[in-house]
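Trainee: Sending over a structure as structure tokens; questions will come in a sec.
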Amino acid sequence: MWTNFLLVLVGLTLVTVGANYLTDGAASIATRFRIPQLVVGLTIVAFGTSAPELTVSLIAGTESAGGIAVGNVIGSNIFNILAVLGIAAMISPLPVDRNSRNYDIPIAIFAAIVLVVVLSDRVLDGSPDNNITRVEAIMLVLLGGLFILYTLIMALRGRHETEGEEVEAPKRGVWVDIFMMIGGLVGLVYGGQLFVDNASEIAVSLGVSDTLIGLTLVAWGTSLPELATSIVAAIKKNVGIAVGNAIGSNLFNIFFVLGIAGTVSPMKDLQFTHLDLFMQLAAVLIAFGVARWVGNNRITRGEGLGMLLIFLAYNAFLIYSATGV
């Protein structure tokens, strides 16, 4: 089993490095051909930070490991809010601006509610199993498209602030960028394959469900890019990036990661508890309540510590419930 753990780490490394190369190469090509930076930031960069989740969930779905795909999204969303924002706030208190309080976080709450509805077949219509059908997956992608459209409209309203801004052209050749994109894609696919296959074997060896592995090991691993980004942003006092990174990643995970994975391969007989579903909703509600009412429009160091402790307690409960350890 230690070999499986090692290969999980190798797979995670390949996925993360692959995502970075793919993003850097694509962004450079976009700049070279004068594609607006706004479009690059809302598409290529957003994809890059959530590429590990997308790759792992897509491969897991096609290999009938839907529990890992869904657990990955739910676990990553909980991690992004309680752990990523919690740790970032402990480094530097996070002001939450008006747009985030009034629009972005409420949209994240809506997305979390949508996920609860989509994954509650047994409760809502008496189905024997919880599934994600292709129709539901396509609906998620369409909602994600509406969010991207909304984001573009909101951002374009402030375009006068960056009009006339010149961007330095890339110094490396276009073929280097293309090679980076191809190499990054290879790293994503092969690394994701290693990650899913060995995470599934670990689940079997430990006698636990692949959903638990998705909620914990896979979710933590694929969320490392978001954690690293927010920590660096907090250290550099770029607190807006730290908050936007966590919220945006959650929206991308629900709408696009599950949406694309479910469209390619519908997921059947998903095993999870409603505690997990409601925890990902509760995480966003906690962040919203802390930022809007408790912390006076910011997340303080003490509140960040509290969020991190809630995350640790939840994961300790998950592991204890599954293993008794």
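Trainee: Taking ILE132 and the conditions (1) among the β-branched types (Val, Ile, Thr); (2) open to solvent by 10 Å² or more (accessible area, probe 1.4 Å); (3) under 19 Å from LEU277 (Cβ atoms), which numbered condition does it fall short on, given that it satisfies the others?
Mentor: It fails just one condition, (2).
Trainee: Continuing with the same structure: Given the conditions (1) farther than 25 Å from LEU22 by Cβ; (2) buried (at least 21 other Cβ atoms within 10 Å of the Cβ); (3) at pLDDT 90 or above, and given that ILE105 satisfies all but one, which numbered condition is not satisfied?
Mentor: (3)
Trainee: Name the residue, out of VAL284, VAL325, that is modelled with pLDDT under 90, out of contact with any Ser or Thr (no Cβ under 6 Å at 6 or more places or on another chain) and either within 25 Å of ALA234 (Cβ to Cβ) or outside any helix (DSSP H, G or I) (or both).
Mentor: It is VAL325.
Trainee: Give me a count of the residues in the stretch 92-101 that are open to solvent by 60 Å² or more (accessible area, probe 1.4 Å) and in a helix (DSSP H, G or I).
Mentor: 2
Trainee: Please specify each residue of the stretch 253-271 satisfying the condition of being open to solvent by 30 Å² or more (accessible area, probe 1.4 Å) and more than 16 Å from VAL114 (Cβ to Cβ). Reasoning before the result, please.
Mentor: The first filter runs over the stretch 253-271 and keeps only residues open to solvent by 30 Å² or more (accessible area, probe 1.4 Å), leaving 256, 260, 263-264, 266, 268-269, 271.
Once the filter is applied, which keeps residues that are open to solvent by 30 Å² or more (accessible area, probe 1.4 Å) and more than 16 Å from VAL114 (Cβ to Cβ), the stretch 253-271 yields VAL264, PRO266, LYS268, ASP269, GLN271.
Trainee: If you don't mind, another one. From the list LEU185, LEU194, LEU143, which residue is under 27 Å from the mean Cα position of the chain (by Cα) and either closer than 16 Å to ALA26 by Cβ or at pLDDT below 75 (or both)? Spell out the reasoning first.
Mentor: Working: LEU194 fails: either closer than 16 Å to ALA26 by Cβ or at pLDDT below 75 (or both); LEU143 fails: either closer than 16 Å to ALA26 by Cβ or at pLDDT below 75 (or both).
Residue meeting the stated conditions: LEU185.
Trainee: Please specify each residue of the stretch 293-325 satisfying the condition of being of a type outside the set (A, V, I, L, M, F, W, C), open to solvent by 60 Å² or more (accessible area, probe 1.4 Å) and either closer than 27 Å to SER120 by Cβ or touching an Asp or Glu at 6+ places or on another chain (Cβ under 9 Å) (or both).
Mentor: TYR320, SER321, THR323
The values are calculated or read from the model by the stated rules, or taken from the named source; none is laboratory data. It should be emphasised that the depicted structure is a prediction, and the values quoted were computed from it without experimental measurement. Every residue, glycine as well, gets a Cβ built from its backbone with ideal geometry; the counts of neighbours run over all protein chains shown. Note: areas computed on protein heavy atoms with side chains; ligands, DNA, RNA excluded. Shrake-Rupley method; radii C 1.70, N 1.55, O 1.52, S 1.80 Å.
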